[in-house]
Amino acid sequence: MNRSTTAVLALILAGILFLAINVFSANSFRSARLDLTDQGLYTLSAGSTRILAEVPEPIRLRFYFSEKLAIQLPNIKSYGLRVRELLEEYVNRSNGKIRLEVIDPEPFTQAEDDAVRLGLQAAPLGTGENLYFGLVATNTIDDRQVVPFFSREKEAFLEYDLTRMIFNLSDPKKPVVGLITGLEMNADASPMMRFSGGAQPWAIIAAIREVFDLRTLQPNQGVIPKDVDILLIAHPMGLSEPALYAIDQFVMAGGRALIFVDPFSEVMARSKGRGQPPGAALATSTLDKLLQAWGVSVATDHVIADYEAAQEVNAGQGGAQRIVRYLVWLQIAAGNMNPEDVITADLGPMIMANAGTVKALEGTATEVTPLITTGTQAMRMETNLIRFGPAPDRLLEIFKADGEHHMIAARLGGTANSAYPDGAPETEAKAGGQARPHLTASSKDIGVIVVADTDLLHEQFWLRKQNMMGRDIIVPIAANADFVINALDNLAGSSDLIGLRSRGKSTRPFVVVQSMRLAAEQKFLAEERKLKENLEKSKGRIAELESRAQAGGGSLLTEQQQAEIKTIRAQVLKTRRQLRDVQHNLNRDIDNLEAKLKFTNIGLMPLAVALVAAILALIGVRRRRVRAVRS
């Protein structure tokens, strides 16, 4: 056998060995993981790992992904791989309790019919085909959790969403929400009352009941039922010491609470009668005896005004229309919400009225995380300024921004002390005939969310009736209900689930390029402002020269004035040309840097590999020549 034949056989055997090793490693080491990403994107957090370790029964995951169609969409293709690999990590960590099926629902197949039936959302492509990218999770009793379509915008909360699905399927019963309220929410209105035109429950009540088992509580006896998972406290009024103590001990024992208090409730201020005092006397609610022990305070003597978030209202009289900003009616946009918390991330705008502020107190171990804040164009205003009716003009007159961010809603976590350090009040020495152990501090990390507004719960501030095709339909105009459901859903989870926070994204932007572009824009705007100032000065000077000419009895400019105007216009043209040059040069620097980065990431590595291969080939040729000479 000559050398050339041997070389060919060696290459063939090397190729076979290479393929065999790849097939073997792909099957034998599929579960092996080495996560070198900056934020551990493919490593599950400790909370998710603990939840997976306690899965009581098998869970089936069906990942529908149109992989063939996604080839033409690189962004979807790469994110699909990211989701699949994370799902495989869930399977690896579940001790065999989770089974994953990856399905490509090709057009006009049973798989596509199943995807539609199970509630997945199709993304139509320009070719007339539909792309599917969702997940269906079921347990042994056919409880179902569905992600209709994975959006890359929510990638930071991908782990949270998946872990929540697993947790909900592991404990499929509806969480029990205990409602304590001073608002007339009519949560106990019977179906007969609804059909006979009686008091209707607030729309938020119906929204909550779709997801949770909602029960109205009367806690003044000092008892919170044992099966209550979360307390929903909205505008608490007239709570007795036994009721306050019961709430305190519920939270100290690990119970969750979503609390809405208000320095001035617009809804209650308009309420009338039934033998009660005037509505304004019912407009203020507080729970500060408990909240201060838990690390925060919500003052009732002021409301927050925010110029940037203020809604526009008609302040005209006698039919005249005059639109002004009403500083205490706020439309809270994404910039005022915490993007790192699962409750407020990707939440649409919310509408609030006469909200207060949540202040973190010093000297407590409680962890206070802002959920909703004002911008810096805000200030505290005395509640009395709005107690007797809207006065938009008056508020605008006295408004002076303090330059601070003020919390309107916050999450409380970590450890907390009881509001009753000396034990139960005398009226609550016993409950149900048996003494209860008193907790002076939380037995575990608390889970409390405090919101300094209650008006956001009323449909006036988040629903509107619209006529569509001759029918009146109710449509949301704000995300108030989404916020409430998100908060309850998060609090209903275990401590491990509540502890999950946003993770990084697999797409990494060119930070240097973005910084350069931002600097370019800032410099461009500065030059633009300078140019506009020069233009205004030039126009003023020209107008001044023309007025002097007219004042002198003639309409023609002197030669000196004409020369000066010509000089001014030349300066304007020069400044404009300089501005264009600055923008062009800055854009050129950005383009050059992007080109260098692309060459380094795309072209340099193949060139390096080709160079190494060429060097090895030259070395091989030289060795063969040396052998030939020696032989």
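The values are calculated or read from the model by the stated rules, or taken from the named source; none is laboratory data. Keep in mind that this is a model prediction, so the values were computed, not measured. Cβ sites come from the backbone with ideal geometry, for glycine too, and all protein chains shown count toward neighbours.
General observations
- Listed conditions (1) modelled with pLDDT of 95 or more; (2) farther than 17 Å from Asp301 by Cβ; (3) hydroxyl-bearing (Ser, Thr, Tyr) are all met by Thr344, apart from (1).
- When the strands (runs of 3 or more DSSP E) confined to the stretch 341-388 are screened for residues that are in contact with a helix residue (DSSP H, G or I) (Cβ under 8 Å, 6 or more places away or on another chain), those reaching at least 3 such residues are found at 350-353.
- Only one of the listed residues (Ala187, Ala199) is aliphatic (A, V, I, L, M), modelled with pLDDT under 90 and surrounded by fewer than 18 Cβ atoms within 10 Å (Cβ to Cβ). That residue is Ala199.
- Residue within the stretch 507-524 that is more than 30 Å from Leu244 (Cβ to Cβ), modelled with pLDDT under 90 and crowded, with 18+ Cβ neighbours inside 10 Å present: no
- Positions within the stretch 338-389 being within 12 Å of the chain's Cα centre (by Cα) and surrounded by fewer than 18 Cβ atoms within 10 Å (Cβ to Cβ), in sequence order: Pro339, Glu340, Asp346, Gly348, Pro349
- From the list Ala419, Ala487, the lone residue that is at pLDDT 90 or above, outside any loop (DSSP other than H, G, I, E, B) and assigned by TED's automatic domain parsing to the domain that holds Val303 is Ala487.
- Subset of the stretch 400-415 that is of a type outside the set (A, V, I, L, M) and assigned to a strand (DSSP E or B) - its residue that is surrounded by the fewest Cβ atoms within 10 Å (Cβ to Cβ): Gly413
- The requirement of being of a type in the set (S, T, N, Q), outside any strand (DSSP E or B), farther than 24 Å from Pro339 by Cα and outside the structural domain of Leu488 (by TED's automatic domain parsing) is fulfilled somewhere in the stretch 136-157, by at least one residue.
- Of all residues in the stretch 362-376, those satisfying the criterion of being of a type in the set (A, V, I, L, M) and modelled with pLDDT of 95 or more are Val368, Leu371, Ile372.
- Total residues in the stretch 166-180, condition crowded, with 19+ Cβ neighbours inside 10 Å and either under 18 Å from the mean Cα position of the chain (by Cα) or among the aliphatic types (A, V, I, L, M) (or both): 5
- Taking first residues from the stretch 69-89 that are touching a residue at least 24 places away in the same chain (Cβ under 8 Å) and assigned by TED's automatic domain parsing to the domain that holds Ala137 and partners that are of a type in the set (A, V, I, L, M) and assigned to a loop (DSSP other than H, G, I, E, B), the Cβ contacts under 7 Å between residues at least 6 apart in sequence or on separate chains come to Leu69/Leu125; Glu89/Leu44.
- With respect to (1) in contact with a strand residue (DSSP E or B) (Cβ under 9 Å, 6 or more places away or on another chain); (2) surrounded by fewer than 16 Cβ atoms within 10 Å (Cβ to Cβ); (3) closer than 28 Å to Asn486 by Cα, the lone exception for Gly335 is condition (1).
- Enumeration of residues in the stretch 213-244 that are touching a Phe, Trp or Tyr at 6+ places or on another chain (Cβ under 6 Å) and within 20 Å of Ala293 (Cβ to Cβ): Ile224
- Neighbours by Cβ (under 7 Å, 6+ apart or cross-chain): first from the stretch 93-122, at positive phi; second surrounded by 15 or more Cβ atoms within 10 Å (Cβ to Cβ) and β-branched (Val, Ile, Thr): Gly119/Val146
- Helices (runs of 4 or more DSSP H) completely within the stretch 1-116 that count 3 or more residues being of a type in the set (A, V, I, L, M) and modelled with pLDDT of 90 or more: 74-93
- Candidate set: the stretch 137-165, residues that are modelled with pLDDT of 85 or more and touching a Phe, Trp or Tyr at 6+ places or on another chain (Cβ under 7 Å); chosen: the one surrounded by the fewest Cβ atoms within 10 Å (Cβ to Cβ): Phe149
- Scanning the stretch 445-476 for residues that are at pLDDT below 90 and either surrounded by 14 or more Cβ atoms within 10 Å (Cβ to Cβ) or outside the structural domain of Thr284 (by TED's automatic domain parsing) (or both) yields a total of 2.
- In the stretch 382-392 there is no residue that is assigned by TED's automatic domain parsing to the domain that holds Asp453, under 23 Å from Gly493 (Cβ atoms) and among the small types (Gly, Ala, Ser).
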